[in-house]
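Single-structure report; data block below.
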Amino acid sequence: MRIAWHYATGSRAAEILRDGVIKPDLIAAVAGKPAPVWFSLRQHWEPVASEELRGPDGSSVRLSLEESLARGQGAWRFGLPVAELRSWRELSGSAGGGVDREVVRALERAGRKAGSDPTLWLIALEPVQLSRCTIQHLHGDHWCSADHGGENADGD
């Protein structure tokens, strides 16, 4: 079974784990509408999930994975089977909440600038309960199951 992942640094993952649900964030803030939850087919890390720093002048810099791990207290990922998700392209259609195509394109440009590939993105059209997810945390270079005492789990 192929899994897509919602990646989060530890500080963001703490909110998800506390709430028991993955809620939309970036897209909702940009579009001002109900929004889907973002997933990726990448199997190690999604660059757009890295921490971002804003300078005093308003400019922003996306951190590397290593910098994000140090600043964001580690990394977590929450997986769903690909069959339960929809294509990123559906975001700009009526099924995805009718987000303006220009907003979708702007998100894709920002993703590419961060090193992401929007063709690997999928969406859930509603908040995702953690009870549906495979949950893993990054330990060194390996993803480990959060509910199996740290056993290695690669998710492929």
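For GLU66 and VAL82 in one chain, what is 0.36 nm times their gap in residues minus the Cα-Cα distance, to one decimal in nm?
Full-extension gain reported as 3.0 nm.
Apply the Karplus curve 6.51 cos²θ - 1.76 cosθ + 1.60, θ = phi - 60°, to the phi angles in the range 111-117 and return the couplings in whole Hz, x for Gly and Pro.
Those phi angles translate into x, 4, 4, 7, x, 8, 10 Hz.
Please work out how much length the chain gains when fully extended from GLU15 to MET1, using 0.36 nm per residue of separation minus the C-alpha to C-alpha distance, in nm with one decimal.
Result for the pair: 2.3 nm of gain on full extension.
Rule-based calculations on the coordinates, nothing more; no lab input. What you see is a predicted model, and the numbers here were worked out from it, not measured in a lab.
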